[in-house]
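Note sheet for the following structure.
The values are calculated or read from the model by the stated rules, or taken from the named source; none is laboratory data. This one's a predicted model, so the numbers in the text were calculated from it and none came from an experiment. Here the Cβ is made from the backbone with ideal geometry for all residues, glycine too, and neighbour counts use every protein chain on show. In case anyone asks, the SASA skips ligands and DNA or RNA and just uses the protein heavy atoms, side chains included. Shrake-Rupley method; radii C 1.70, N 1.55, O 1.52, S 1.80 Å.
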Amino acid sequence: MCDCIDETVMDITTPRNAFLSAFYKRSFAYYTVKERLPKILTQAVDLLARNKDKVVEEYGLGAKEELKSVIGEISKLKYELQTNKPMRNIMGTAPDADHYNLCIAKQSNITYFTSVWLFAECYMYRRIKEIFELTQHLQAYDLFRILKQESFTNSYTAVVELGKYLVTRFNETINENDIKDEFIKLLKLILWGNKCDLSFSAGVVESSSDPFLLLTELESNIVKDQSEEIWLAVSDSNSTSQFIDIVLDNAGYELFTDLCLADFLVTSKLAQKIRFYVKGMPWFVSDVTKFDFDWTIQEMKKSDVPELKTLGDRWSKHLKEKNWIVVDHKFFTMPIDYSYMPKEGSDLYKQLAEAKLVIFKGDLNYRKLFGEKNWEPSTPIDVGLQGFVPSKLAIVRTIKCQLVCGLDSGVAETIAQKSPDWEVTGMYGLIQFCDKIKTY
Ligand SMILES: O=P(O)(O)OC[C@@]1(O)O[C@H](CO)[C@@H](O)[C@@H]1O
Ligand SMILES: [Mn+2]
């Protein structure tokens, strides 16, 4: 395989219904693999170099030498990516390595610019994990943790604003009609919370200091809004399930908004239990791990803003009483889309099927739900899901890549006229719903 990228890729946009791939030069996938991923690796090396004293303090002297080799390995990975080297096997004995290696074996000489985009990106994050796995002292090190924690601290104004609002609402009696309005408001807050992922903004957090102002300003940017249908599913008194599941995306401000919604669901008795699905390793820079989840709640408990402390205490209690459960299933860091879940993650699929509603957050989840394909945007949502409807689904995502399904016909074309790069700015959003009973 030639490592001159221009001779490998095709200078075209992604054909309709084809898999997204950096192979198509005029695509966001190409831009990501060519520009964004190397930048993320450079940033990771810088972070490690800048924080080496702290790392040694925390992980001991033995980590000092290992840190040098980790930096070397990350730089090597960046070189492989930029020169389009064939992907090699994942080393080590971790159970997911076999799956990756099988995928690599099935596609001979697979490279970053020829594989499906999802595989290329997942592979890069899995390789980063491997680098740390093979050390003695740094196995548990999360090289993006500092960024995730900074992003929470930097969005503190918005966190305080929303926290105060929620606590005030909890102290009032909310009538039946208000519960619906409140739910829909929170749904929109978790949507715009998804604007704040770090892999997209390369470390620059751009959450508004007034989250409610953002709601009004961006209302017309929700290109498909099925909040009403989602409300009907959530408030369905015929449902026998007590669970609402949330497949989380990013730590920081986004996680905070998700937890606000989860608290509201439990407090308003719309669900008895919330299960949160997190990543089992550092993933796509800002994705939530179990550590990030717990850290966020601990930070709130320490806050000198009384409302945040109140929320931190409440959330700890939800966890302690098992009304909130955090799950880090390995399927979420596999390089495959959700249509493979019944086969490759059947226990997880069964778990999701128990829920009254499963909320999927963010752009990466969207890509995995819709099979990483360049669908015609007016493709019906159940067609795009290709059979993956374990339960009723709420799909909440700001649009950050060229993959959209389930729009009314003509909508995509109208927006494109106004804003040609609408699919990659994160300025447009989707709140979509799919009902198992109706479509399957
Ligand atoms: O899933 P998230 O956090 O909303 O977004 C993740 C993201 O920034 O990373 C992916 C590519 O790097 C893109 O699909 C998307 O833009
Ligand atoms: Mn993410």
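Assorted remarks:
- Pairs meeting the criteria (first residue in region 68-87 and at positive phi and surrounded by 14 or more Cβ atoms within 10 Å (Cβ to Cβ), second residue of a type in the set (A, V, I, L, M) and assigned to a helix (DSSP H, G or I), beta carbons under 6 Å, at least 6 apart or on different chains) are ASN84/ILE5.
- Region 107-149, residues that are of a type in the set (Phe, Trp, Tyr) and either closer than 15 Å to ALA44 by Cβ or not in a helix (DSSP H, G or I) (or both): TYR112, PHE113, TYR125, PHE132, TYR141, PHE144
- Residue match in region 235-247 (condition: in contact (Cβ under 8 Å) with a residue 12 or more places away in the chain, within 16 Å of ligand 2 (Cβ to nearest atom) and either within 15 Å of the chain's Cα centre (by Cα) or open to solvent by less than 10 Å² (accessible area, probe 1.4 Å) (or both)): yes
- Within region 259-289, the set of residues being in contact with a strand residue (DSSP E or B) (Cβ under 6 Å, 6 or more places away or on another chain), within 23 Å of ALA158 (Cα to Cα) and not hydrophobic (A, V, I, L, M, F, W, C) comprises SER286, ASP287, THR289.
- Where helices (runs of 4 or more DSSP H) fall wholly inside region 331-399, the ranges with 2 or more residues that are of a type outside the set (Val, Ile, Thr), surrounded by 18 or more Cβ atoms within 10 Å (Cβ to Cβ) and within 14 Å of ligand 1 (Cβ to nearest atom) are 362-369.
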